[in-house]
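Working notes, structure below.
The values are calculated or read from the model by the stated rules, or taken from the named source; none is laboratory data. Being a predicted model, the structure only gives us computed values, none of them experimental. All Cβ positions, even for glycine, are placed from backbone atoms using ideal geometry, and neighbour counts span all protein chains on display. Areas reflect the complete protein model, heavy atoms only, side chains present, ligands, DNA and RNA absent. Shrake-Rupley method; radii C 1.70, N 1.55, O 1.52, S 1.80 Å.
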Amino acid sequence: MALYGGIEAGGTKIVCAVGSGPDDMRAEVRFPTTRPEDTLDKAIAFFQEQSRSAEISAIGIATFGPADVNPSSPTFGFITSTPKPGWANADFVGPVQQALGVPVGFDTDVNGAALGEYRWGAAQGLDTFLYLTIGTGVGGGGMLGGKLMHGLVHPEMGHMRLPRDRHRDSFAGICPYHGDCLEGLTCGPALQAHWGVAAEKLPPDHPAWELEADYLALALHNLVCILSPQRIILGGGVAQQPILLPLVRQKLQTLLNGYVQHPAIIDDIDTYVVAPGLGNHAGVLGAIALAEMATRNTE
Ligand code: ADP
Ligand code: ZN
């Protein structure tokens, strides 16, 4: 069985792993995301060490963004406009490809996670679905008609605008670009800024969760109406609050108000809005799945 390397690159930490799928993960390291030179050196050294015992056929990178994921662009494989020190316009794929000499797949963290869920998790057998993460930021990716979503650049679902009742909630939001976009209102740091407590410390009966679920349900309503996904997977640290998914499901049904007439929404909402099938490993397995796809693309 072919072995792949996966790099899950987050704004705060990088996870590198070698394996062929969820039942065959052979080695994993994680380290903080520092400047690109140091971070890439550490990742490359890990894969060089690993490839002494078994050949690695390809590397997949599932990264924070914004990133250039268009293979025909001159800056394919670069991080583009991030405020993260050193990473703006940094080449991510180039150094990895040069050092390891294998195909390198590159996509957003959320498209990677979506591909992993398609391959081994909660989206098996579907061709049109979404993966959203509610974590340090909010992002969304997925497949449309069996293809990972790309376009002008890549979707930025986390930055959609939502209708708001400012008498009920006057929080200005924390997105540096938009203030109260979806990410600005619902990511973990937004909850912390709004309520003065880390998201994981907010008890289930705190009013924060009702509001959080209202905003997420509005976002999902828009996504259901625009993309008609067959399923929506909600990952990320904030979605680990156990009451959040049930609240979002119920509010999404209420908002849609019977308009989208499909049993998946009317009767089976519990299997329509779901947690990642791959749990905490969705990210790094997504990167492994991107590597697997990169070998297929070069055959
Ligand atoms: P990242 O987005 O950086 O990959 P995570 O998906 O783990 O990381 O998200 C981190 C965010 O999730 C933090 O803001 C943290 O406060 C929040 N978080 C982590 N665990 C929980 C939890 N059990 N309940 C609610 N929020 C959580
Ligand atoms: Zn925004």
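The residue that is least open to solvent (accessible area, probe 1.4 Å), among those in the range 65-79 that are in contact (Cβ under 8 Å) with a residue 60 or more places away in the chain and out of contact with any His (no Cβ under 6 Å at 6 or more places or on another chain), is A67.
The single condition among (1) within 16 Å of ligand 2 (Cβ to nearest atom); (2) farther than 20 Å from A275 by Cα; (3) surrounded by fewer than 24 Cβ atoms within 10 Å (Cβ to Cβ); (4) not β-branched (V, I, T) that D205 does not satisfy is (1). Would you check if there is a residue in the range 290-297 being over 19 Å from the mean Cα position of the chain (by Cα) and assigned by TED's automatic domain parsing to the domain that holds G184? There is no residue in the range 290-297 that is over 19 Å from the mean Cα position of the chain (by Cα) and assigned by TED's automatic domain parsing to the domain that holds G184. Counting only residues that are open to solvent by less than 30 Å² (accessible area, probe 1.4 Å), modelled with pLDDT of 95 or more, part of a helix (DSSP H, G or I) and of a type outside the set (A, V, I, L, M, F, W, C), the range 236-292 holds 3 of them. Take T136 and tell me if it is surrounded by fewer than 23 Cβ atoms within 10 Å (Cβ to Cβ), more than 21 Å from I232 (Cα to Cα) and of a type in the set (S, T, Y). Against the criterion (surrounded by fewer than 23 Cβ atoms within 10 Å (Cβ to Cβ), more than 21 Å from I232 (Cα to Cα) and of a type in the set (S, T, Y)), T136 does not qualify. Here D180 does not fit the description of being of a type in the set (D, E, K, R) and either more than 21 Å from the chain's Cα centre (by Cα) or open to solvent by 70 Å² or more (accessible area, probe 1.4 Å) (or both). When restricted to residues that are under 21 Å from L227 (Cβ atoms) and either away from ligand 1 (no atom under 16 Å from the Cβ) or surrounded by fewer than 18 Cβ atoms within 10 Å (Cβ to Cβ) (or both), the range 157-177 contains 5.
When the range 6-31 is filtered for residues that are away from ligand 2 (no atom under 16 Å from the Cβ) and within 16 Å of D109 (Cβ to Cβ), the ones remaining, listed by number, are G6, I7, E8, A9, G10, T12, K13, I14, V15, C16, A17, R30.
Of A190, A213, A219, all but one fail to be open to solvent by less than 10 Å² (accessible area, probe 1.4 Å), in contact (Cβ under 8 Å) with a residue 60 or more places away in the chain and under 22 Å from the mean Cα position of the chain (by Cα); the exception is A219.
Please verify whether the range 115-134 includes one or more residues that are under 19 Å from L227 (Cβ atoms), charged (D, E, K, R), in contact with a Leu (Cβ under 7 Å, 6 or more places away or on another chain) and not assigned by TED's automatic domain parsing to the domain that holds A67. The answer is yes, given that some residue of the range 115-134 is under 19 Å from L227 (Cβ atoms), charged (D, E, K, R), in contact with a Leu (Cβ under 7 Å, 6 or more places away or on another chain) and not assigned by TED's automatic domain parsing to the domain that holds A67.
Would you please name the residue that is surrounded by the most Cβ atoms within 10 Å (Cβ to Cβ), looking only at residues in the range 36-64 that are under 30 Å from M157 (Cβ atoms) and hydrophobic (A, V, I, L, M, F, W, C)? Residue satisfying both the conditions and the ranking: A62. For the range 89-114, the set of residues classified as more than 21 Å from F129 (Cα to Cα), within 21 Å of the chain's Cα centre (by Cα) and open to solvent by less than 50 Å² (accessible area, probe 1.4 Å) consists of A90, F92, V93, V104, listed by residue number.
Does M160 satisfy being in contact (Cβ under 8 Å) with a residue 12 or more places away in the chain, within 13 Å of the chain's Cα centre (by Cα) and within 28 Å of A264 (Cβ to Cβ)?
Against the criterion (in contact (Cβ under 8 Å) with a residue 12 or more places away in the chain, within 13 Å of the chain's Cα centre (by Cα) and within 28 Å of A264 (Cβ to Cβ)), M160 does not qualify.
Please name all residue pairs, on different chains or six or more residues apart, with Cβ atoms under 8 Å, provided the first residue is in the range 282-294 and is touching a residue at least 24 places away in the same chain (Cβ under 8 Å) and closer than 11 Å to Y118 by Cβ and the second residue is part of a helix (DSSP H, G or I) and of a type in the set (S, T, Y). Close Cβ pairs satisfying both conditions: A289/Y118. Here G116 fulfils each of the conditions (1) touching a His at 6+ places or on another chain (Cβ under 9 Å); (2) in contact (Cβ under 8 Å) with a residue 60 or more places away in the chain; (3) within 16 Å of ligand 2 (Cβ to nearest atom) apart from (3).
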